[in-house]
Amino acid sequence: MAAKVKQLPSRGGTPAEKVYLIEIFKGMAITLKHFLRNLWDNSNLYVRHYPEVQPDIPARWRGRHRLLTHPDGTPKCVACFMCQTNCPADCIMIKAGTRIDGVTEKMPVSFTIDLAECIYCGYCVEACPEDAIRMDTGIYAFTSSNREEMKIGMTEMLSLKGGFPEEEYQKGLEGE
Amino acid sequence: MTEMIKLFVNGEEVEVESGKNLIDALEKVGIEIPHFCYHPALGADGNCRMCLVGIEDGRPPVVPACKTLAKEGMKVLLDADNIKKIQHDVMELEFINHPTDCPICDQAGECKLQDYYMKYEGTESRMWVPQVTKRKMQDFGGGVIHDQERCVACGRCVRFLRQITRTGELGLVNRGDDCRVEFFPGRPINNRYGLNVVDLCPVGALTSADFRFKQRAWFLKRAESICHGCSKGCNIMVDHNKEKYEDDIIYRLRPRQNEQVNGWFMCDEGRMTYKLENDNRLEECTLAGAVRPLADIFADAERRIERATKVLFLVSPSASLEQLAAVQALAEKTGATVSAFSDGYIVKDDGDDFLIKDDKAANRAGVDLLGIAKSRTHFDNMAKEADVFINFGNDLSRSLSEEQIGRLFSDTWVLNGATHPGQLGAVMEKKVGSSIALRSWSEYHGVVVNCDGIAQKFVGGVMKNVERPDIVEMAAGLGSPATGTAAAWALVQKKIPALAEFGGFLELPAEGVKLTDNEAGK
């Protein structure tokens with residue numbers, strides 16, 4: 001949904017305007033006019049009826065993180081700690097171990113992102129040499145009533161799917 | 001004093017020590033010549049060809065720097081086009097079959113291939129034929145894991161095991177792109193210094209199974225310390241890190257160069273002593289079985305010392321000079337007796353002629369210097385008479401059995417200052433009046449004297465989540481006149497004149513102070 005922009009001329013120079021009180025009443029009249037109009041019909045409001053109406057988000061939108069898997073379902077992540085090293089918010093916590101599924105030698109034993117601390121900068125995605133982490137789930141809302149639940153673990157991140165078709169995501173990367 | 005000579009590097013005159021090869025001589029003045037196979041402890045091999053430098057008007061005009069002695073008036077060329085081309089091409093050769101698996105390689109961050117690529121190569125690979133694949137994750141024994149693909153065949157590990165340990169487990173087999181390091185069938189690395197090959201390896205071909213995947217090298221904080229595993233006092237680097245929400249723990253110990261003491265190496269047992277620093281530590285201070293603040297314990301103990309007729313202090317032979325002096329000062333003030341009885345720290349016939357010593361105490365020479373008694377008869381006699389016994393971190397369970405300890409202190413009030421549980425035996429520890437959890441050597445600063453009478457400083461960089469006092473603070477809490485490490489150091493300097501010229505212990509030179517036999521009390 002494109003935003004509607006209305007340019008208003010600058011005002012406030014005439015003597016009548018400098019008295020203020022007249023302008024205040026004029027303004028209140030406008031408010032009253034809008035109130036009465038929207039009372040019968042609110043289809044012209046400049047607001048989104050969230051959450052009934054969800055916003056369109058582009059493929060490059062940095063939403064919640066997910067960990068990618070190889071076609072055979074094994075995680076792409078090799079626990080190189082590039083994302084943790086680069087993270088300016090220090091919200092990624094990885095524990096590495098010996099890999100047991102035979103893909104390479106190393107894999108994360110645990111991979112936790114504290115979403116309460118994450119600033120959604122996308123540096124982890126840029127740093128990843130294996131294309132193992134992306135922020136393309138399209139999930140932008142994440143709430144919880146306690147801090148512990150804001151930490152998401154490896155199984156959860158591996159189970160998330162990308163929110164966009166692959167071509168659209170790759171197109172978003174062009175020029176980087 | 002070594003003789004100095006003058007030579008020219010890229011046309012600029014520099015003064016270097018004579019009698020050294022170009023790599024070592026120029027390294028001292030801050031000029032780096034890239035190399036893989038040369039190591040000062042193993043000598044020049046000249047197989048990697050990375051250190052080739054140009055000699056203006058020389059015959060031959062290009063020489064390996066590791067095999068060339070620095071000579072007066074030599075004109076060394078490091079930035080000539082042909083030398084740069086050589087360095088670039090050698091690097092390109094090394095990378096032909098290199099797997100470039102830096103993301104899973106433990107050496108990443110301290111790898112010569114990474115450093116030199118950024119400095120001397122920096123180009124894309126021109127290879128289009130498939131790479132030669134070799135064995136990965138090969139267990140070499142002795143806690144060493146080998147990756148044949150990453151190997152640059154410099155032979156440092158092979159030469160170490162032949163020249164230094166003289167066990168010769170490894171060899172280079174085959175030639176060209178099939179060249180690889182192998183152990184002889186059925187005879188993996190099996191000696192007490194085997195893990196040094198991990199430090200020697202300039203790339204990630206040899207990694208330690210113990211440290212494998214624990215931590216990336218760039219996260220580690222480093223503290224220059226002294227190994228407390230035996231009386232040799234090898235210089236080490238303590239690599240530790242405090243991960244978010246977790247405790248500060250040590251991930252590995254690495255040897256630090258000190259030609260006077262350990263050269264470039266340390267033993268495998270010493271390397272593993274870091275585990276004692278991390279695991280199973282005493283955490284709480286108790287008074288009559290209940291957890292209480294330190295101040296209460298000190299006040300109670302101080303009262304008991306005052307009322308007692310005979311007080312015995314037992315110090316650890318691994319405690320630093322400052323700590324020993326602080327306890328001594330406390331003993332002088334309260335009229336107590338100090339003992340450093342620690343016969344159990346000596347493991348007969350365990351030492352060798354290289355680095356490992358029989359005596360597993362880090363500062364026995366320091367105990368002698370300060371004149372602290374350590375004989376068994378002295379300790380036994382005093383223990384029988386004493387009605388208050390205070391242990392300052394001595395692991396008495398090494399010297400005496402549980403029954404012996406129980407018999408000695410059956411009717412004695414005991415304050416046990418210890419780093420780990422079980423140092424007075426499990427039975428005795430249930431009966432102690434108070435116990436204080438102490439800091440261990442990786443957590444405090446100090447000076448220890450090794451078996452050769454070399455006083456060396458060490459810095460404790462580990463900051464545990466649980467606040468513990470060290471022995472100086474414990475002694476101060478009990479009323480010692482030495483209220484801090486600085487005051488204790490002043491006491492040490494009074495007793496050992498050879499150390500008097502150094503203002504603080506940090507002013508001790510990095511290679512340590514060799515005390516003469518006279519000063520060391522021999």
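The values are calculated or read from the model by the stated rules, or taken from the named source; none is laboratory data. Bear in mind that the values here come from a model prediction, so they are computed numbers and not experimental data. Because the Cβ atoms are built from the backbone with ideal geometry, glycine has one as well, and the counts that use them run over all protein chains shown.
Taking the criterion of being part of a loop (DSSP other than H, G, I, E, B) and surrounded by fewer than 23 Cβ atoms within 10 Å (Cβ to Cβ), the residues of segment B:176-202 that qualify are B:Cys179, B:Pro185, B:Gly186, B:Pro188, B:Asn190, B:Asn191, B:Arg192. Every condition in (1) within 14 Å of chain A (Cβ to nearest Cβ); (2) more than 21 Å from the chain's Cα centre (by Cα); (3) surrounded by fewer than 18 Cβ atoms within 10 Å (Cβ to Cβ) holds for B:Val173 except the one numbered (1).
Candidates are the residues of segment A:89-119 that are part of a strand (DSSP E or B) and facing chain B (nearest Cβ under 7 Å); the one that is nearest to A:Arg64 (Cα to Cα) is A:Met93. Among the residues of segment B:129-143, is any under 26 Å from the mean Cα position of the chain (by Cα), within 14 Å of chain A (Cβ to nearest Cβ) and touching a residue at least 24 places away in the same chain (Cβ under 8 Å)? Within segment B:129-143, one or more residues are under 26 Å from the mean Cα position of the chain (by Cα), within 14 Å of chain A (Cβ to nearest Cβ) and touching a residue at least 24 places away in the same chain (Cβ under 8 Å). Taken over segment B:230-269, residues that are among the basic types (Lys, Arg), assigned to a strand (DSSP E or B) and either within 14 Å of chain A (Cβ to nearest Cβ) or over 13 Å from B:Asp199 (Cβ atoms) (or both) amount to 1.
Rundown of residues vs (1) surrounded by fewer than 16 Cβ atoms within 10 Å (Cβ to Cβ); (2) under 30 Å from B:Ile83 (Cα atoms); (3) of a type in the set (Lys, Arg), yes/no style:
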residue: B:Ala108; (1), (2), (3): no, yes, no
residue: B:Tyr120; (1), (2), (3): no, yes, no
residue: B:Arg126; (1), (2), (3): yes, yes, yes
residue: B:Thr133; (1), (2), (3): yes, no, no
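For every residue, the table says whether it meets (1) out of contact with any Asp or Glu (no Cβ under 7 Å at 6 or more places or on another chain); (2) polar (S, T, N, Q); (3) over 20 Å from B:Ala295 (Cβ atoms).
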site	(1), (2), (3)
B:Gly417	yes, no, no
B:Ile454	yes, no, yes
B:Met463	no, no, yes
B:Arg468	yes, no, no
B:Ser480	yes, yes, no
B:Val492	no, no, yes
B:Leu499	yes, no, yes
B:Leu506	yes, no, yes
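One residue alone among B:Phe265, B:Phe341 is in the same structural domain as B:Asp452 (by TED's automatic domain parsing), touching a residue at least 12 places away in the same chain (Cβ under 8 Å) and of a type in the set (Phe, Trp, Tyr), and that residue is B:Phe341.
Against the list (1) loosely packed, with under 14 Cβ neighbours inside 10 Å; (2) closer than 30 Å to B:Thr286 by Cβ, the condition B:Gly503 fails is (2).
Would you say A:Gly63 is in a loop (DSSP other than H, G, I, E, B) and touching a residue at least 40 places away in the same chain (Cβ under 8 Å)? Here the answer is yes, as A:Gly63 does meet what is asked.
For B:Arg59, indicate whether it is among the charged types (D, E, K, R) and over 36 Å from the mean Cα position of the chain (by Cα). Judged against the criteria, B:Arg59 is a match.
Within segment B:53-65, the set of residues being more than 20 Å from B:Glu13 (Cα to Cα) and surrounded by 14 or more Cβ atoms within 10 Å (Cβ to Cβ) comprises B:Pro64 only. Could you check, for segment B:308-320, whether at least one of its residues is out of contact with any Phe, Trp or Tyr (no Cβ under 8 Å at 6 or more places or on another chain) and assigned to a helix (DSSP H, G or I)? No, the conditions are met nowhere in segment B:308-320. In segment B:392-428, of all residues being in a helix (DSSP H, G or I), free of Cβ contacts under 8 Å to residues at least 12 places away in the same chain and not basic (Lys, Arg), the one that is surrounded by the most Cβ atoms within 10 Å (Cβ to Cβ) corresponds to B:Gln404. Looking at the structure I just gave you, is A:His70 surrounded by fewer than 16 Cβ atoms within 10 Å (Cβ to Cβ) and either closer than 30 Å to B:Lys244 by Cα or out of contact with any His (no Cβ under 6 Å at 6 or more places or on another chain) (or both)? Answer is yes for this residue. In segment A:145-158, of all residues being without any contact (Cβ under 8 Å) to a residue 24 or more places away in the chain and more than 14 Å from chain B (Cβ to nearest Cβ), the one that is nearest to A:Cys118 (Cα to Cα) corresponds to A:Glu149. On the stretch given as segment B:338-371, residues that are aromatic (Phe, Trp, Tyr) and assigned to a loop (DSSP other than H, G, I, E, B) total 2.
Against the numbered list (1) in contact (Cβ under 8 Å) with a residue 60 or more places away in the chain; (2) surrounded by fewer than 16 Cβ atoms within 10 Å (Cβ to Cβ); (3) away from chain B (no Cβ under 14 Å), A:Asp131 comes up short only at (3).
Look at segment A:5-18: where a residue is in contact (Cβ under 8 Å) with a residue 60 or more places away in the chain, no partner that is of a type in the set (Asp, Glu) and surrounded by 10 or more Cβ atoms within 10 Å (Cβ to Cβ) sits 6+ places away or on another chain with Cβ atoms under 8 Å.
Would you point out which residue out of B:Val367, B:Val311, B:Val315, B:Val327 is of a type in the set (A, V, I, L, M, F, W, C), in contact with an Asp or Glu (Cβ under 9 Å, 6 or more places away or on another chain) and assigned by TED's automatic domain parsing to the domain that holds B:Ile436? None of the others qualify; the one that does is B:Val311. Among the residues making up segment A:77-88, those that are surrounded by 15 or more Cβ atoms within 10 Å (Cβ to Cβ) and either within 11 Å of chain B (Cβ to nearest Cβ) or closer than 19 Å to A:Met150 by Cβ (or both) are A:Cys77, A:Val78, A:Ala79, A:Cys80, A:Phe81, A:Met82, A:Cys83, A:Gln84, A:Thr85, A:Cys87.
When segment A:21-51 is filtered for residues that are without any contact (Cβ under 8 Å) to a residue 40 or more places away in the chain, surrounded by 10 or more Cβ atoms within 10 Å (Cβ to Cβ) and outside any helix (DSSP H, G or I), the ones remaining, listed by number, are A:Asn42, A:Leu45. Count of segment B:176-229 residues, restricted to those that are within 14 Å of chain A (Cβ to nearest Cβ), touching a Leu at 6+ places or on another chain (Cβ under 9 Å) and either within 20 Å of B:Gly155 (Cβ to Cβ) or of a type in the set (Val, Ile, Thr) (or both), is 2.
Summed over segment A:52-67, the residues that are surrounded by fewer than 16 Cβ atoms within 10 Å (Cβ to Cβ) and either more than 22 Å from the chain's Cα centre (by Cα) or of a type in the set (A, V, I, L, M, F, W, C) (or both) give a count of 2. Among the residues making up segment B:86-111, a single one is more than 14 Å from every other protein chain (Cβ to nearest Cβ) and within 30 Å of the chain's Cα centre (by Cα): B:Glu110.
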